[in-house]
Amino acid sequence: MSEGRLRVDPEGDPWTALREHHCHWQRKVGRKLRAQNQVLKKGVVDEQANSAALKEQLKMKDQSLRKLQQEMDSLTFRNLQLAKRVELLQDELALSEPRGKKNKKSGESSSQLSQEQKSVFDEDLQKKIEENERLHIQFFEADEQHKHVEAELRSRLATLEMEAAQHQAVVDGLTRKYMETIEKLQNDKAKLEVKSQTLEKEAKECRLRTEECQLQLKNLHEDLSSRLEESLSIISEKVPFNDTKYSQYNALNVPVHNRRHQLKMRDIAGQALAFVQDLVKGLLNFHTYTEQRIQIFPVDSAIDTISPLNQKFSQYLHENASYVRPLEEGMLHLFESITEDTVTVLETTVKLKTFSEHLTSYICFLRKILPYQLKSLEEECEASLCTSALRARNLELSQDMKKMTAVFEKLQTYIGLLALPSTEPDGLLRTNYSSVLTNVGAALHGFHDVMKDISKHYSQKATIEHELPTATQKLITTNDCILSSVVALTNGAGKIASFFSNNVDYFIASLSYGPKTASGFISPLSAECMLQYKKKAAAYMKALRKPLLESVPYEEALANRRVLLSSTESREGLAQQVQQSLEKISKLEQEKEHWMLEAQLAKIKLEKENQRTADKLKSTSSGQAVGVAQEGATVVTAAGQEDASAKAVPVPVHSTSLGKVTA
């Protein structure tokens, strides 16, 4: 057995090898811990020896310091004695001087003697002073050196004591850890022994159970083999044609009718129709009010001629209804194609192709007007009254319009892919259904984000334009109308994006028709044939029915059951439709009041314009009168359009149980 790897004898007991490996690992850990403990003990002993040597050195330094101190004291005492002797000599000299004056002759020899003694004393005193000074210097240097050495030794002693304490703490910690490790290893050893005994018992039980399972498997294999031979003989003798073997034939089988699924799909299609109608209404208002805006800003067509670019742009915007309204019609036809008796899958939704074509036509319209829209915004930026803030908002709106067209193109691409299964057999693989539907939801959320940016930037643009000195009431009213249509589009886009995200999992789970064993794509022709077979099967079942006089007629019972199930299953859908209808009614009432006020304002403006025209006719030439009459006709036409838009058209909302609800 090596140090880091467990080697098991194939013929031996694995649990004995495991125990031996565990004991070997314990011994190895013990050796490592003992080696570490010896090293730490040696380090502590060395540090203690160093500390004792330093203490001995400190003691010797103290003794030398005391000796020097004694020498200093003796020298100080000697200096005091010499100082007193010098004073006595000076006093004697002072007393000898008067005597010398009285007896010069006799004193010459004594004065010479005193002079010699004085010089000797002075030399002796000078030597003593120099020696004293030298001793003072030596004493000071020795004292400073002693203090420095003492401080250094004390700091080193403190450091060594601290290191010794740390080493002792490490030794104690390692000892404690070593004891804990030994105790833990002993506990693990006991647990492993118990576990090894348990595993040995389980191994014995597993061997017995394996023998039983092998016996059962052998019996089952013999039973299934006999059954397989019997089934194969029955199939070969009794089944002339297996229509589930090939996916092309299997696709022609009529599936089990799921009425609940059909009712829910129709309810979802009804909600989608309502959302599309809101979007269509918002797009119509947005394009129409944009056309009215370019007629009055930056140049009012009633006063001056607008640029050729804006004229062409206005002409294209005037055609918006022919591109927008087919979207609602296509969605309505798709909703009407989903009935209770059909099977709603991508292969049978032929009307989705029509809606995709209408959406493609509208995107062509957006591409056609996008360059004119961008140039029109650039023309507004070049106006003399355009401020830097307004120019920045116009640039942001230009980017938003590009994003809006790109989002519609992306949405049309994925809807076109979803329409392929009903027209082209190999147009879209079934494995790509989920990714395409997920991308449709992402495109709708992107459309909602773009509309929020347009609403934000256009609101800022309208606020800046209202502060301009040349802003007219007509421009302010038109900007408010455009802003309200953009807000309506934003709300509608948010609703339809949330609606699609909430139902995308249901679409992914339900829009793939065919048996689970089928592989490959189901062609539209096979789906159409399947629907025909379903109708024939229903007619055949109906022909086999024998009427019972005393029972309830089948048609009446079916109608009653339809009403009962519709009232219970579609209650939430009906409540949502009623709520939507009420909201539409309230919106239409508000719009009606708004347009009635607009009509009154237009009528007042018309009267003022007629009065002003009459005044001008009296004071101007015939050519100017003709121009004023044309301006009045334009105002009358605008007022007539606003009055016609104020008329609310009832929108039919279909229900699965109560017929038609009119908003």
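The values are calculated or read from the model by the stated rules, or taken from the named source; none is laboratory data. Computed from a predicted structure; not experimentally measured. Note: ideal-geometry Cβ built from the backbone for every residue, glycine included; neighbour counts use all protein chains shown. We work out accessible area using only protein heavy atoms, side chains counted, and drop any ligands, DNA or RNA first. Shrake-Rupley method; radii C 1.70, N 1.55, O 1.52, S 1.80 Å.
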Need one value: the accessible area of Met596 in square angstrom, 1.4 angstrom probe, rounded to the nearest 10. 100 Å²
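Too long at a 26 Å Cα-Cα cut-off: which of Lys375/Lys461; Lys67/Lys127; Lys592/Lys616?
From the list (Lys375/Lys461; Lys67/Lys127; Lys592/Lys616), the Cα-Cα distance tops 26 Å for Lys592/Lys616.
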Count charges around Leu558 for me, please; just the other residues with Cβ under 14 Å from its Cβ, Lys/Arg as +1, Asp/Glu as -1. +1
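Keeping every protein chain in place, order Thr620, Thr470 by accessible area at 1.4 Å, biggest value first, i.e. largest first. Spell out each step's value before the answer.
Numbers: Thr620 50, Thr470 80 Å².
My answer, sorted largest first, is Thr470, Thr620.
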Given a 1.4 angstrom probe, what's the average accessible area per residue across the range 259-543, in square angstrom? 46 Å²
With all protein chains present, calculate the accessible area of Arg66 using a 1.4 Å probe and round the result to the nearest 10 Å². 140 Å²
Want the number for Arg562 to Leu208: 0.36 nm per residue separation, take away the alpha-carbon distance, what's left? 121.3 nm
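Greater than 26 Å separation of Cα atoms is the criterion. Which listed pairs, Lys495/Lys587; Lys32/Lys191; Lys312/Lys587, meet it? Kindly include the intermediate steps, with their values, before the conclusion.
Working: Lys495/Lys587 16 Å; Lys32/Lys191 24 Å; Lys312/Lys587 33 Å.
Pairs exceeding the cut-off: Lys312/Lys587.
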Measuring from label point to label point, each 7 Å out along Cα→Cβ, what is the Lys177 to Leu65 span in nm? 4.2 nm
With the crude spin-label approximation of a point 7 Å out along Cα→Cβ, what separation in nm comes out for Leu217 versus Arg134? 11.2 nm
FRET efficiency (Thr198, His24; Cβ distance; R0 22 Å; to 0.05) is 0.45
Around Lys461, with a cut-off of 13 angstrom between Cβ atoms, what is the net charge of the other residues, counting Lys and Arg +1 and Asp and Glu -1? -3
Under 12 Å, Cβ to Cβ, from Lys67 - net charge with Lys/Arg +1 and Asp/Glu -1: -1
Sorted list, accessible surface of protein heavy atoms, 1.4 Å probe, largest first, for Tyr289, Tyr362 is Tyr289, Tyr362
Just grab the label-to-label distance for Lys147 and Arg325, each label 7 Å out from Cα along the Cβ direction, in nm (one decimal). 11.2 nm
Heavy atoms of the protein only, probe of 1.4 Å, neighbouring chains included. What is the accessible area of His136 in Å², nearest 10? 90 Å²
